[in-house]
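Below: the structure, in structure tokens.
The values are calculated or read from the model by the stated rules, or taken from the named source; none is laboratory data. These numbers come from a predicted model, not from an experiment. When we count neighbours, we look across all protein chains shown, and the Cβ atoms used for this are built from the backbone with ideal geometry, even at glycine. Quick note on the areas: whole protein, heavy atoms, side chains included, nothing else; ligands and nucleic acids left out. Shrake-Rupley method; radii C 1.70, N 1.55, O 1.52, S 1.80 Å.
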Amino acid sequence: MSADLWKSAASVLDGNWAHDHMVPSRRLYPHQWSWDAAFIAIGLAYVNPTRAWRDLRSLFEAQWPDGRVPHIVFDPLTAEGDYFPGPAFWDVPAYGNRPARGSTGLVQPPMHAIAAWEVYRRAASHGARCAHEAGEQLKWLYPRLVAQQEYLTGRRDTGGRGLASIVHPWESGLDNSPSWDAAMSGVPADLGLLDRYRRRDLQVADAAHRPTDVDYARYLGLVINYRDGGYEDAGLAHRHAFLVECPSFNAILAAAELALVHIAAVVGADPMIHRRRARRITEAISTHLYDERTATFRSRDVRTGTLSPARCVSGLMPLLLPDLPREQAEAIMAEAASPRFGLPGTTGLPVPSYDRTAPGFDTLRYWRGPIWINVNWLLRRGMLVHGYRGEAEDLREAMVRLVHDSGHYEYFHPETGAGIGAPMFSWTAALSLDLLADRSVPAYAKAA
Ligand code: 9WN
């Protein structure tokens, strides 16, 4: 089983390479996506490390002067009509040596320091020469990764609590999650926008899987508002209808600082700054995003100060953080094992994106039920960080089995395991390689 899966994963990645970057999916997502590039690099490290570094570099070459790393870098060779909202809709001005309309102005979870560290670790295991070459890549990336963190912890701390806010559900990477429903209900939905602009996703994917028109109209309205304010962050609290602190986004932000501790040591920078920043963000997550009453992590609406009522997979992601208080780590494990998520021990499947017992649980609509490999990969990593080795191994096996049996799909039916969304999806393939190859514990795990 492993040899087949390895071969098919490597061939998906070969097929999705586009001159200097990887596309998540040829048909549905024909540009470069930010957090996809990170998950992809982790897997490419096994089969084509040169491309792993190239993909990360292509992304960071598009970094904005303020440090933000755009959520999509547009491929000038892809036609405007092949993805919506495309370059003209975002209308990003030229910056640095980049032409106008080269990217979006949103971000995605900062997975890249973790990815860079994993690609380096893999190279370093091949001896001193490979370690040296990979070290040169880290030297180029390090200041850029730091600038990305500083943008997110600085300008994006719109709530003043030491957490980064997302200004659009697309920034979470968990786009259509019920986690945003409460905050999104206050965002105006101008359905007229859908007469003016045609949704491309409905031409290439099943409407039952995709966001509703009302949600889509809100998504577009939020982009227009941010765009018309010049993608400026100052004063957003008074002029933007969606500002949310997400436990998954912020857990990745803190885990990135932990990866930077190791990267800093390789490139000769001060690791302690990153250690302190990781602790501060962890503390803020633990204090502000934890609901004592239900013992779960939730997203917080910065505008109203309320926690979302929805129990989503994003609430399991703080397990990535070694400094999380023990009772909160235990609470996450209890939630993951409960019928709401049902670790593989009970279902044989990785965890779904949303509470299986919630009335709105939807087996098809993306981020509202289906299983995704990237968040399960993160959950497994969190289990290893906290020493839950047996559960981590069960989850690894369940992911490998699922992708082997169903294919490298974008996501999977949470009851049958059938593959849905885009086939030949890059991060599913890439993370399968990592799951097959590497059972090791992240360098910053707690001592068992
Ligand atoms: C919008 C590319 C991206 C992923 C996201 C996923 C989906 C885009 C979309 O695809 O989002 O960015 O068009 O729905 O939700 O996590 O990065 O794979």
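Output the residues belonging to the range 308-321 that are crowded, with 21+ Cβ neighbours inside 10 Å and not β-branched (Val, Ile, Thr).
Filtering the range 308-321 for residues crowded, with 21+ Cβ neighbours inside 10 Å gives 308, 310-321.
Ser308, Ala310, Arg311, Cys312, Ser314, Gly315, Leu316, Met317, Pro318, Leu319, Leu320, Leu321, listed by residue number.
Which count do you get for residues in the range 141-174 that are under 18 Å from Gln63 (Cα atoms) and surrounded by fewer than 16 Cβ atoms within 10 Å (Cβ to Cβ)?
3
Would you call Pro178 within 15 Å of the ligand (Cβ to nearest atom) and modelled with pLDDT of 95 or more? Give the derivation first.
On the way: within 15 Å of the ligand (Cβ to nearest atom): yes; modelled with pLDDT of 95 or more: yes.
Answer is yes for this residue.
Show me the helices (runs of 4 or more DSSP H) found entirely inside the range 258-363 where at least 2 residues are in contact (Cβ under 8 Å) with a residue 60 or more places away in the chain and in contact with a helix residue (DSSP H, G or I) (Cβ under 8 Å, 6 or more places away or on another chain). Don't jump to the end; show me each part of the working.
Details: elements: 271-288, 326-337, 344-347.
Ranges flagged: 271-288.
Take the range 357-378 and flag every residue that is over 20 Å from Asp405 (Cβ atoms) and more than 16 Å from the ligand (Cβ to nearest atom).
Matches in the range 357-378: Thr357, Ala358, Pro359, Gly360, Phe361.
Which condition does Arg293 not pass, out of (1) farther than 12 Å from Pro247 by Cβ; (2) surrounded by 23 or more Cβ atoms within 10 Å (Cβ to Cβ); (3) not aromatic (Phe, Trp, Tyr), if it passes all the others?
It is condition (2) that Arg293 fails.
I need a count of the residues in the range 211-256 that are open to solvent by 10 Å² or more (accessible area, probe 1.4 Å), free of Cβ contacts under 8 Å to residues at least 60 places away in the same chain and under 28 Å from Arg144 (Cα atoms).
7
Table: residues versus (1) free of Cβ contacts under 8 Å to residues at least 24 places away in the same chain; (2) more than 19 Å from the chain's Cα centre (by Cα).
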| position | (1), (2) |
| --- | --- |
| His132 | yes, yes |
| Lys139 | no, yes |
| Pro143 | yes, yes |
| Gln148 | no, no |
| Arg156 | no, no |
| Leu163 | no, no |
| Val167 | no, no |
| Glu171 | no, no |
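If the requirement is being touching a Phe, Trp or Tyr at 6+ places or on another chain (Cβ under 9 Å) and either among the acidic types (Asp, Glu) or within 22 Å of Trp90 (Cβ to Cβ) (or both), which of these qualifies: Arg239, Arg227?
Values: Arg239 fails: touching a Phe, Trp or Tyr at 6+ places or on another chain (Cβ under 9 Å).
Just one listed residue meets the conditions, Arg227.
In the range 316-342, which residues are within 13 Å of Pro414 (Cβ to Cβ) and touching a Leu at 6+ places or on another chain (Cβ under 9 Å)?
Listed by number, the residues that qualify are Phe341, Gly342.
What do you reckon, is Ala128 in contact with a Cys (Cβ under 9 Å, 6 or more places away or on another chain), open to solvent by 30 Å² or more (accessible area, probe 1.4 Å) and more than 14 Å from Ala254 (Cα to Cα)? Please lay out each step first, then the result.
On the way: in contact with a Cys (Cβ under 9 Å, 6 or more places away or on another chain): no; open to solvent by 30 Å² or more (accessible area, probe 1.4 Å): yes; more than 14 Å from Ala254 (Cα to Cα): yes.
Answer is no for this residue.
Confirm whether Arg199 is assigned to a helix (DSSP H, G or I) and open to solvent by 10 Å² or more (accessible area, probe 1.4 Å). Reasoning before the result, please.
Details: assigned to a helix (DSSP H, G or I): no; open to solvent by 10 Å² or more (accessible area, probe 1.4 Å): yes.
Considered against the rule, which asks whether it is assigned to a helix (DSSP H, G or I) and open to solvent by 10 Å² or more (accessible area, probe 1.4 Å), Arg199 comes out as no.
Taking the condition touching a Phe, Trp or Tyr at 6+ places or on another chain (Cβ under 8 Å) and either under 21 Å from Val146 (Cα atoms) or within 15 Å of the ligand (Cβ to nearest atom) (or both), does Asp75 pass? Walk me through how you get there before you give the answer.
Details: touching a Phe, Trp or Tyr at 6+ places or on another chain (Cβ under 8 Å): no; either under 21 Å from Val146 (Cα atoms) or within 15 Å of the ligand (Cβ to nearest atom) (or both): yes.
So Asp75 fails the test.
Among the listed residues Ala358, Ala331, which satisfies the condition of being open to solvent by 10 Å² or more (accessible area, probe 1.4 Å) and in contact with a Ser or Thr (Cβ under 9 Å, 6 or more places away or on another chain)?
Of Ala358, Ala331, the one residue that is open to solvent by 10 Å² or more (accessible area, probe 1.4 Å) and in contact with a Ser or Thr (Cβ under 9 Å, 6 or more places away or on another chain) is Ala331.
Residues that are under 21 Å from Pro247 (Cβ atoms) and of a type in the set (D, E, K, R): does the range 397-418 have at least one? It would help to see each step written out before you state the result.
From the range 397-418, those under 21 Å from Pro247 (Cβ atoms) are 411, 414; that's our starting set.
Filter again for of a type in the set (D, E, K, R), leaving none.
No, that holds for no residue.
Yes or no: the range 8-30 includes at least one residue that is closer than 30 Å to Arg156 by Cα, within 16 Å of the ligand (Cβ to nearest atom), open to solvent by less than 60 Å² (accessible area, probe 1.4 Å) and over 20 Å from the mean Cα position of the chain (by Cα). Break it down into steps so the answer makes sense when it comes.
Within the range 8-30, the subset closer than 30 Å to Arg156 by Cα is 20-25, 28-30.
When the remaining residues are screened for being within 16 Å of the ligand (Cβ to nearest atom), the result is 21-25, 28-30.
Now narrow it down to the ones that are open to solvent by less than 60 Å² (accessible area, probe 1.4 Å): 21-25, 28-30.
From what's left, over 20 Å from the mean Cα position of the chain (by Cα): none.
Checked the range 8-30: no residue is closer than 30 Å to Arg156 by Cα, within 16 Å of the ligand (Cβ to nearest atom), open to solvent by less than 60 Å² (accessible area, probe 1.4 Å) and over 20 Å from the mean Cα position of the chain (by Cα).
Tell me which of these Leu193 doesn't satisfy, since it passes every other one: (1) among the aliphatic types (A, V, I, L, M); (2) within 23 Å of the chain's Cα centre (by Cα); (3) modelled with pLDDT under 95.
Going through the list (1) among the aliphatic types (A, V, I, L, M); (2) within 23 Å of the chain's Cα centre (by Cα); (3) modelled with pLDDT under 95, Leu193 breaks only (2).
Name the single residue, out of those in the range 103-125 being away from the ligand (no atom under 16 Å from the Cβ) and open to solvent by less than 20 Å² (accessible area, probe 1.4 Å), that is nearest to the chain's Cα centre (by Cα). Walk me through how you get there before you give the answer.
Keep residues of the range 103-125 that are away from the ligand (no atom under 16 Å from the Cβ), which gives 113, 116-125.
Keeping just the survivors that are open to solvent by less than 20 Å² (accessible area, probe 1.4 Å) gives 113, 116, 118-119, 123.
Values: Ala113: 12, Ala116: 15, Glu118: 16, Val119: 17, Ala123: 24 Å.
This residue is Ala113.
Condition first: closer than 15 Å to Tyr142 by Cα, more than 16 Å from the ligand (Cβ to nearest atom) and crowded, with 24+ Cβ neighbours inside 10 Å. Now tell me which residues in the range 34-66 satisfy that.
The one that is closer than 15 Å to Tyr142 by Cα, more than 16 Å from the ligand (Cβ to nearest atom) and crowded, with 24+ Cβ neighbours inside 10 Å: Trp53.
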